[in-house]
Amino acid sequence: MRIGLLTEGGYPYATGEARLWCDRLVRGLPQHEFEIYALSRSAEQERARVPLPEHVTRVRTAPLWAPADDGRTYSRRERRRFVDCFKELVRGICAGEAQPFAAGLYGLAGLSREQGGMYAALRSESAVRALESACRAPGAARTVQTAQVADLLEFVDELEVVLRPLSLDWYEENARAGGGLGEADICHATAGGVGALPGLLAKRFFGVPLLVTEYGVQLRAHYLTQLDTHGEPGTRPAVRALLAALHLRLATEIYARADFLTPGNAHARRWQERCGATRERLRTVHPGMEADRFATVGEAADCGDPDTLVWVGRAEPAKDLIALLHAFAEVRLAAPGTRLRIFATAVVPDYLAGCRALAAQLFPDEAADSVTVGENPVTFEEIGGPDAPTTAEAYGAGRVVVLSSVIEGFPNTLVEAMLCGRATVSTDVGAVCEVIGGTGLVVPPRNPRALAEACLSLMRDPERAQRLGAAARARALELFTVEQNVAAFQEIYLRLLAKGSVRPDGEIPFASPPEARVPGHWTSPTWAPAEPSPEAAV
């Protein structure tokens, strides 16, 4: 089976989202042929790639960060066609209507496929005027109606990046180049939004089945990004409203047209259902972790230091280390000998500096006598040091692992702690309750007192902590391993292929033998029975 794997800002690059699970998926299905179609987000990201297995037969990349001006200018007839399609697209965006948006999107896709990129056309006066008319038209959102010229120009710049996949040459069937997405048996988009757009076009042009996997909902991520960046004073609300409407319409179209959707958790599934995905096309497939990395710690009789709390993750505001430090202050009042070890896998420097300053203020260095050097009960450490050379040993340093986030998608660190057989105390955000499933304690976010009480209850009852840790490991081994993840996608691939794709040209999958693609003597018709000559017929 030939799988066209669509990625955005991740695999096969060494950094970015979805890198690890994509690599595990590809390596776990060596019986299939994978072609990777990757959208990159920066020049720095493109400098390093992960080693690829032999059954990855092709890698095609396109940047979302570089200017896409190909010097193409349209003729008068093509400009009229562009304006007609663009008016439909922006009408769908501004008025929140699905049908005009889809008509405009596929119309622009057909124009780009035939005539080349739209960089110059999108920056033309005709495009800006069409956008302005859509913003002023009856039915447009109130905030959109306030858009000024500067807002329109900024939005068109963002729109060009989103529509850039329409102008790629990934869709054409080219024997010399080895084919494109049109020859794939299945397109598997590893994210929604812009990353799934090439698969949407391959389905439109060639009828290739489209599978969309979302472990973090791209629409939700866009909303959060807008709050972090465009929410600063001086930013125009009309731009935010236009961008939100654009990404909502794109997500809705992808969810409506995809043959199958695999959210990574119930939280992502609810987002997809609210945007129009039907339940019969949905199946939750949890991410897979490499359980062997944590087997030594998870199966050990030692349950870690009973007086140590452990936190592992990225030191950033969403993880709410401030609340954790205040909770630990209450823990120390009840249990003075307790320690908190914070292992930062990555950091936001200013935030980490603020956490260090707060820890120094809340917990002055302590010494056993007048000659011993004092130590702070809170330590900030990095994985790879002498005390914690591996991630598993970082979790194994304490009996209780804490997750204090206020924003969380799928909590990978929580699953790792479960695989290590540790009792956990977590905040009720994202997919935490779904993951923990009753094998740990869950408290409301931004509530240091509740966090402290839950930690103390486990530290005072070591037998309960041990039982919860064992149950957590059993649950993680059942639901969150690489093996279950790969097996689920293998089943879905076969299901999509068995269902049969209706291609515009009427081609049946596997109608021609696989060796017909291999250059050389394999392409000769010797495998087929010889046709009788005219003389023989006489």
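The values are calculated or read from the model by the stated rules, or taken from the named source; none is laboratory data. Computed from a predicted structure; not experimentally measured. Because the Cβ atoms are built from the backbone with ideal geometry, glycine has one as well, and the counts that use them run over all protein chains shown. Accessible surface is based on the protein model in full, side chains and every heavy atom, while ligands, DNA and RNA are left aside. Shrake-Rupley method; radii C 1.70, N 1.55, O 1.52, S 1.80 Å.
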**Request:** State whether the residues of region 66-84 include one that is closer than 30 Å to G28 by Cα, open to solvent by 40 Å² or more (accessible area, probe 1.4 Å) and at pLDDT below 95.
**Result:** no
**Fill in**
Among P30, P51, the single one that is open to solvent by 60 Å² or more (accessible area, probe 1.4 Å) and at pLDDT 95 or above is P30
**Request:** Please find, within region 407-422, the residue that is most open to solvent (accessible area, probe 1.4 Å) out of those that are in a loop (DSSP other than H, G, I, E, B) and modelled with pLDDT under 95.
**Result:** I407
**Item:** region 262-279 - residue that is touching a Ser or Thr at 6+ places or on another chain (Cβ under 8 Å) and farther than 19 Å from V429 by Cα and, of those, modelled with the highest pLDDT
**Value:** T262
**Request:** Look through R341, R356 and report the one residue that is without any contact (Cβ under 8 Å) to a residue 60 or more places away in the chain and open to solvent by less than 60 Å² (accessible area, probe 1.4 Å).
**Result:** R341
**Prompt:** Of the numbered conditions (1) outside any helix (DSSP H, G or I); (2) of a type outside the set (F, W, Y); (3) more than 20 Å from V425 (Cα to Cα); (4) within 27 Å of the chain's Cα centre (by Cα), V312 satisfies every one except a single condition; which is it?
**Reply:** (3)
**Fill in**
Selection over region 471-493 where residues are more than 13 Å from G421 (Cα to Cα) and in contact (Cβ under 8 Å) with a residue 40 or more places away in the chain yields a count of 13
**Asked** Does region 55-76 contain any residue that is within 29 Å of the chain's Cα centre (by Cα) and among the basic types (K, R)?
**Response** yes
**Item:** Selected residue [without any contact (Cβ under 8 Å) to a residue 60 or more places away in the chain and either of a type in the set (F, W, Y) or open to solvent by less than 30 Å² (accessible area, probe 1.4 Å) (or both)] from V425, V402
**Value:** V425
**Complete:** The residue that is modelled with the highest pLDDT, considering only those in region 112-150 that are within 20 Å of E97 (Cα to Cα), surrounded by fewer than 17 Cβ atoms within 10 Å (Cβ to Cβ) and hydroxyl-bearing (S, T, Y), is S133
**Fill in**
The residue that is nearest to the chain's Cα centre (by Cα), considering only those in region 141-156 that are outside any helix (DSSP H, G or I) and within 10 Å of L242 (Cα to Cα), is A141
**Prompt:** Filtering region 15-27 down to residues that are more than 18 Å from Q218 (Cα to Cα) and touching a residue at least 40 places away in the same chain (Cβ under 8 Å), which residue is most open to solvent (accessible area, probe 1.4 Å)?
**Reply:** R24
**Item:** Positions within region 33-42 being open to solvent by 40 Å² or more (accessible area, probe 1.4 Å) and over 18 Å from the mean Cα position of the chain (by Cα), in sequence order
**Value:** E33
**Asked** Do you know which residues across region 269-305 are in contact with a strand residue (DSSP E or B) (Cβ under 9 Å, 6 or more places away or on another chain), buried (at least 17 other Cβ atoms within 10 Å of the Cβ) and over 25 Å from E491 (Cβ atoms)?
**Response** C303, G304
**Item:** Scan of region 254-278 for residues that are touching a Lys or Arg at 6+ places or on another chain (Cβ under 9 Å), in a helix (DSSP H, G or I) and over 20 Å from N412 (Cα atoms), ordered by number
**Value:** Y255, R257, E273
**Item:** Matching residues in region 182-207 - criterion: being more than 21 Å from the chain's Cα centre (by Cα) and buried (at least 24 other Cβ atoms within 10 Å of the Cβ)
**Value:** A184
**Asked** Does L250 meet the test of being modelled with pLDDT of 95 or more, in contact with a Gly (Cβ under 8 Å, 6 or more places away or on another chain) and open to solvent by less than 10 Å² (accessible area, probe 1.4 Å)?
**Response** yes
**Asked** From the set of residues in region 253-268 that are open to solvent by less than 10 Å² (accessible area, probe 1.4 Å) and touching an Asp or Glu at 6+ places or on another chain (Cβ under 8 Å), which is farthest from G216 (Cα to Cα)?
**Response** L261
**Asked** Of the residues that make up region 320-331, is at least one at pLDDT below 95 and open to solvent by 10 Å² or more (accessible area, probe 1.4 Å)?
**Response** no
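To keep it simple, each residue is scored yes or no on (1) in a loop (DSSP other than H, G, I, E, B); (2) surrounded by 15 or more Cβ atoms within 10 Å (Cβ to Cβ); (3) in contact (Cβ under 8 Å) with a residue 40 or more places away in the chain.
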site	(1), (2), (3)
C433	no, yes, no
G438	yes, no, no
A465	no, yes, yes
G469	no, yes, yes
